[in-house]
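What follows draws every value from the coordinates through simple rules; no lab data is involved. Since this is a predicted model, take the numbers as computed values, not measurements. As a convention, Cβ positions derive from the backbone with ideal geometry for all residues, glycine included, and neighbour counts pool all protein chains shown.
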2 protein chains.
Amino acid sequence: MLVSGTTGWDKSMSTRHALLNALVHGDASGYDLVKRFQPSAAHWWHPRPAQMYTELSRMEADGLVSGETVIQTKYPNKRVFSLTDAGRAELQRYAEVPSPPAEFKDELVIKMMGLDVADPAALLADLARRRKWCVERLRKDQSSVDAMLGERTADQYAAEADDLGEYLWRLRSIGLMQASVEWCDAVIGVIEARRSPANEQRTA
Amino acid sequence: MLVSGTTGWDKSMSTRHALLNALVHGDASGYDLVKRFQPSAAHWWHPRPAQMYTELSRMEADGLVSGETVIQTKYPNKRVFSLTDAGRAELQRYAEVPSPPAEFKDELVIKMMGLDVADPAALLADLARRRKWCVERLRKDQSSVDAMLGERTADQYAAEADDLGEYLWRLRSIGLMQASVEWCDAVIGVIEARRSPANEQRTA
DNA sequence: AAAATCATGTAATCGGTTACATGATTAT
DNA sequence: ATAATCATGTAACCGATTACATGATTTT
């Protein structure tokens, strides 16, 4: 598995509870979990391997998970983690704490602040890149959803499936990516309108 | 000004460049900038005062801004910052660095991971709260945009205005909030479908 | 032969958060 | 009287990132 490079990783979230929730569906090694949260496998948020390993150790120290070492001959030994009762209790507690509003962090928005004084060329290039990235992400998420659904309707899937989390995560991503693409187009439109304010003299 | 409490603050972004960009439009004290990025005044991202003050000092040490102390008798003295040439150069450099993909951090999405094993009651409450929050945010952003436009069309505004950053920031927020509300509704739908899988036997 | 897979971790650093401290002035 | 405004900061902490280190095995 290639870990850094390509498109790179995105940023932060509640790593501990993400790991806890991931272990609900079955025991896993740190390595398994790293893969499950990888950018290619997952979506728009990815804890880094370094932190996942440290967090797993901390969780073990806190008694939320227990790790058993599995000795392997051909490959390095691994530690397989499972939820403890305390872990499950913590998950329950967490479920009942109201979630804070989602956080959105977008450097492009910051750059927009300088738009009325800056040269828009660099911004246009940036917007085009961003738009492309979002379209690509959208395509991937959409095809994941299609693959998950198969022949079923969304309602059937909702009733039967056992990986609703994955599914809903992708739905979330799709919505955000659509909004992002539309925003890019709107901003490009604004910059164009500013560049050629021809239509001002038109109607009135 | 009341700083903490109420809905509270959201999280992180590139504080340094946000401050730099804010100073493009005119000199300002730390306090002015704190207000400009406040949740009520601004949008969905807000650096904390503590960090803005520290960051301004660091920027001054790095020569990107220069602060002049203004002595006041009735109120505490203040330091008014202005961009230096180095600061403007840094802003230019920053404009040319490609922006990384936007980051989205949403604890609700994490909670969804446990949906097929957990009791959905707590989640439903959480979703309802979230939905309400987003609708409210949406309303505020929408009325800000309306106020900015006034009698003008979007194209006219784009050609004339000198606060495009504020405007585009709100457009971004509106798109994200709309997507968020729709997602909440979709998830609620999924949970309902799961709770009463009545329609499975229907057509086929 | 080169690259990717399996598998885990440490150390240094950093950006950001929380909590706290101060105190005159003005508006409700 | 109470609360909010003006105005700035420090100290402790913490979650997360970057960079690095290891090395046999399997696939291309």
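About the Cα centre, and with charges only on the beta carbon of Lys, Arg (+1) and Asp, Glu (-1), how big is the dipole of the protein assembly as shown? Nearest 20 debye, please. So the dipole magnitude of the protein assembly as shown works out to roughly 460 debye.
For the stretch B:147-152, 3J(HN,Hα) computed residue by residue from phi via the Karplus equation (6.51, -1.76, 1.60; θ = phi - 60°) reads 5, 5, 5, x, 8, 6 Hz, glycine and proline entered as x. Computed over the stretch A:42-194, relative contact order equals 20 percent, with contacts defined as Cα pairs under 8 Å that lie 6+ residues apart.
Over 19 Å between C-alpha atoms is what I'm after, so list which of A:Lys35/A:Lys132; A:Lys78/B:Lys111; A:Lys111/A:Lys140; A:Lys35/A:Lys78; A:Lys105/B:Lys105 land there.
Checking Cα-Cα distances, A:Lys35/A:Lys132; A:Lys78/B:Lys111; A:Lys111/A:Lys140 exceed 19 Å.
Across the stretch B:48-61, rounded Karplus estimates of 3J(HN,Hα) from the backbone phi angles (6.51 cos²θ - 1.76 cosθ + 1.60, θ = phi - 60°) give 7, x, 3, 6, 4, 5, 5, 5, 4, 5, 5, 5, 5, 4 Hz, Gly and Pro being marked x. Highest GNM mean-square fluctuation among B:Gly165, B:Gly67, B:Gly114, for chain B modelled with Cα contacts below 10 Å: B:Gly114. Between the amide H of B:Val65 and those of B:Glu60, B:Thr84, distances stay under 5 Å, these residues lying 5 or more places away or on another chain, with hydrogens modeled in the peptide plane. Label point of B:Gln38 (7 Å along Cα→beta-carbon): distances to the other copies' equivalent points are 4.8 nm, sorted ascending.
Taking chain B as a Gaussian network of alpha-carbon nodes connected by springs under 10 Å, the highest mean-square fluctuation of the residues B:Gln72, B:Gln51, B:Gln38 belongs to B:Gln72. Closest approach of a chain A beta carbon to the axis mapping chain A onto chain B (residue, whole Å): A:Ala179, 2. Inter-chain Cβ neighbour count for A:24-34, averaged per residue, equals 1 (cutoff 10 Å, partner chain atoms only). For B:His46, nonlocal amide neighbours, meaning residues 5 or more places apart or on other chains whose placed amide H falls under 5 Å from its own, are B:Asp10, B:Lys11.
Take A:Val97, move 7 Å from Cα toward the beta carbon, and the resulting point lies 3.2 nm from the same point in each other copy, nearest first. Counting from the shortest, the label point at A:Asp155, 7 Å from Cα toward Cβ, is 4.4 nm from the same position in each remaining copy. Here the ratio of the Cα radius of gyration of the stretch A:81-204 to 2.2 N^0.38 Å is 1.56. The phi torsions of the stretch A:82-94, fed into the Karplus equation with coefficients 6.51, -1.76 and 1.60 and a -60° offset, translate into couplings of 9, 5, 8, 4, 4, x, 5, 5, 4, 5, 5, 4, 4 Hz, rounded to whole numbers, with Gly and Pro shown as x.
Ranked by Cβ crowding within 10 angstrom, fewest neighbours first, how are A:Ser99, B:Ser143 ordered?
B:Ser143, A:Ser99
A cut-off of 5 Å between modelled amide H atoms, ignoring neighbours fewer than 5 places along the same chain, links B:Arg79 with B:Gly30, B:Val70.
Within 10 Å of each Cβ of B:150-159, how many other protein chain Cβ atoms are there on average?
Mean shielding by partner chains, rounded to a whole number: 4.
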